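See structure below.
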Amino acid sequence: MTPLEIDSGNTAWILTSSALVLLMTPGLALFYGGMVRAKSVLNMMMMSFGALALISVLWVLYGYSLAFGDDVGFGLLGNPTQYLGLEGLMEDTDASLPPMAFVAFQAVFAIITVALISGAIADRAKFSTWLIFAGIWATLVYFPIAHWVFDFSLDAHVGGWIANDLAAIDFAGGTAVHINAGIAGLALAIILGKRLGWRHDPMRPHNLTLVMLGAGLLWFGWFGFNAGSAVAASNSASVVWVNTMVATGAACLGWLLTERIRDGHATSLGAASGIVAGLVAITPSCSSVSPIGAIIVGAVAGVICALAVGLKYKLGYDDSLDVVGVHLFGGLWGTLAVGFLATAAAPAGVDGLFYGGGVDQLWRQAVGAFAVLFYSGIMTFIIGFLLHKTIGFRVSEEEERAGVDESEHAETGYDLGTFGGGRSLSYAGSAAGQAEADTKNGQEVSA
Amino acid sequence: MKLVTAIIKPHMLDEVKTALESFGVEGMTVSEASGFGRQRGHTEVYRGAEYTVDLVPKVRLEVLVDDDDAKDIIDVLVKSARTGRIGDGKVWSVPVEEIVRVRTGERGLDAL
């Protein structure tokens, strides 16, 4: 057999996409960080950066094997030792795309999925428990589900059940990423309980400009997320790119219109939220709908999610930054939308209900969506509950009032006050120490 | 001597400052303040959840003046800070016992 040459165009696009998707996690940190109160901004951002650090290590050690190793049975899990430490993947192979490029691309999906969950437990989680949770959750929930959804069978390789046996279409992770993180966020929000003063104390976002910047970075990175999922610099990637752009624009408009009618104003937080809702919904469906279909997917997502974020007040769970309202509902809608709006003219080549394909694709979509929802929901609840009852998931009341930045990280996000944020005494102390040191060095200290 | 304090709308600061300078006032202290009067605060909406913001941003401007000038300066402040809309603020004065210029040690009217 003649060895294939590496396709440099595809490889360049996948490596670029991987870096784009990696940037989404710091973008998410800004998006979430701006939405919390000033006293918890660092903890909020650290939950994302913590996931970035931890999951990148776990992915290399065994995560990639669990997700993309040969199936060990029923399409449920990859062989955990197959690519242990990725030792065997460094050699030049005859593949057109180097295996490591695919490893890189899928790694950043695992990272952001874990980071997404943190929005549900703002202002009150212990950072140490969050990291332990992140590691266990990635191992028991994300890696297996990534195998179900993203691991396609090829030649001798046997992949996961949703991708191959069920043949649900989830192009870039409506189920594996968004429904998964959304329901996990709901489980953790219930386990940790409401923040002190929820619905009573003011908890408005402390910095909406950070939120807007974060939403912008997410949108930018999402082109890697979706168009990169074509795993080639191809026509399919190009269609997906345009669908991703237009669905997001439509969702932003849908959210703003809903707000304008309901509350009287179109808000910047609504625009940022609408952008993310649209990105979530087009994630599973970007390869199977037309650009007009994408506009419908996006616009409906904007309206559904804008309404869904109000559910927590009716049902009484403190999903602080609306992981459920945006990711769970957006993910469910986008995944099911494939069953309605898919057209055979799009790269995925399948007709949905509205294009004369009947309910065949719709039931596959529903089974995939709800399988992930139930597995993730139950597993997250068990993991979170055990951690909460043993090492504790929530900071003490006193620490929560003072702010998790101070209690968990011994830092303050901003020091903008004239008097050093009320810390003049400790600064005076260190300044005196510095003056002493300067004198010792023989420098003149001016009074 | 009197301390005249004015709580005004932040965007009126430049106008008030200019008016005081034209009157001949040579120094003032300005600080950011928050508060509410009869206008109360306002309502903000985030993702459909309403928040009542009671404390509205204001500017506090303080001037030390000779007793003879106090009434005129209050008039200047009131006239320049007025927009006629709710939330324009308040101006008041209180007697001051002693004033010392830190650099020279001058006291009383000499320190103004």
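Odds and ends about this structure:
- When the C-alpha to C-alpha distance is required to be over 23 Å, the pairs from B:K17/B:K90; A:K39/B:K17; A:K314/A:K389; B:K17/B:K79; B:K17/B:K58; A:K194/A:K389 that qualify are A:K39/B:K17; A:K314/A:K389.
- Vicinal HN-Hα couplings computed from phi for segment A:393-402 (Karplus, 6.51 cos²θ - 1.76 cosθ + 1.60; Hz; Gly/Pro x): 9, 10, 6, 5, 4, 4, 5, 5, 5, 6
- With at most 14 other Cβ atoms within 10 Å, longest stretch of chain A clear of loop GluC sites (Glu not before Pro) (DSSP): A:92-410
- Residue by residue, segment A:54-71 carries 3J(HN,Hα) couplings of 5, 5, 5, 6, 4, 4, 5, 5, 8, x, 4, 5, 4, 8, 10, x, 4, 4 Hz when phi is fed to the Karplus relation 6.51 cos²θ - 1.76 cosθ + 1.60 (θ = phi - 60°); x denotes Gly or Pro.
- Once the Cα atoms are used to define both axes, helix A:99-117 deviates from the longest principal axis of chain A by about 60 degrees.
- Compared with the dominant principal axis of the Cα atoms in chain B, helix B:67-81 is inclined by about 30°.
- Remark: relative contact order (segment A:8-404) = 22 percent; criterion is Cα-Cα distance under 8 angstrom and separation of 6 or more residues.
- With Cα atoms, 0 to 90° folded angle of helix B:13-23 axis to chain B main axis: 20 degrees
- Considering only B:T83, B:T18, B:T52, the mean-square fluctuation computed in a Gaussian network model of chain B, springs between alpha carbons under 10 angstrom, is largest for B:T52.
- Highest GNM mean-square fluctuation among A:I55, A:I391, A:I382, for chain A modelled with Cα contacts below 10 Å: A:I391.
- Descending by average beta-carbon neighbour count within 10 Å, the peptides A:229-235, A:320-326 line up as A:320-326, A:229-235, the highest first.
- Gaussian network model of chain A, springs between alpha carbon atoms under 10 Å - residue of A:L315, A:L89, A:L58 with greatest fluctuation: A:L315
- In order through segment A:341-348: 3J(HN,Hα) via Karplus (6.51 cos²θ - 1.76 cosθ + 1.60), integer Hz, x for Gly, Pro: 9, 4, 10, 5, 6, 7, x, 5
- Helix-derived mean residue ellipticity, 222 nm - over chain B, DSSP H n ≥ 4, -39500 (n - 2.57), to 500: -7500 deg cm²/dmol
- Note: relative contact order over segment B:12-112, using C-alpha pairs below 8 Å and six or more positions apart, is 28 percent.
- Loop trypsin sites (Lys or Arg not before Pro), segment B:1-98 (other Cβ atoms within 10 Å of the site Cβ: 10 or fewer; DSSP): B:R38, B:R85
- Per-residue ellipticity at 222 nm computed for chain A from its helices equals -19500 deg cm²/dmol, with DSSP H segments shorter than 4 residues left out and the rest contributing -39,500 (n - 2.57).
Read-outs throughout are calculated quantities, based only on the coordinates presented, and are distinct from any laboratory measurement. Nothing here was measured: the structure is a model prediction, and the numbers come from that model. Every residue, glycine among them, receives a Cβ derived from its backbone with ideal geometry; neighbour counts consider all protein chains shown.
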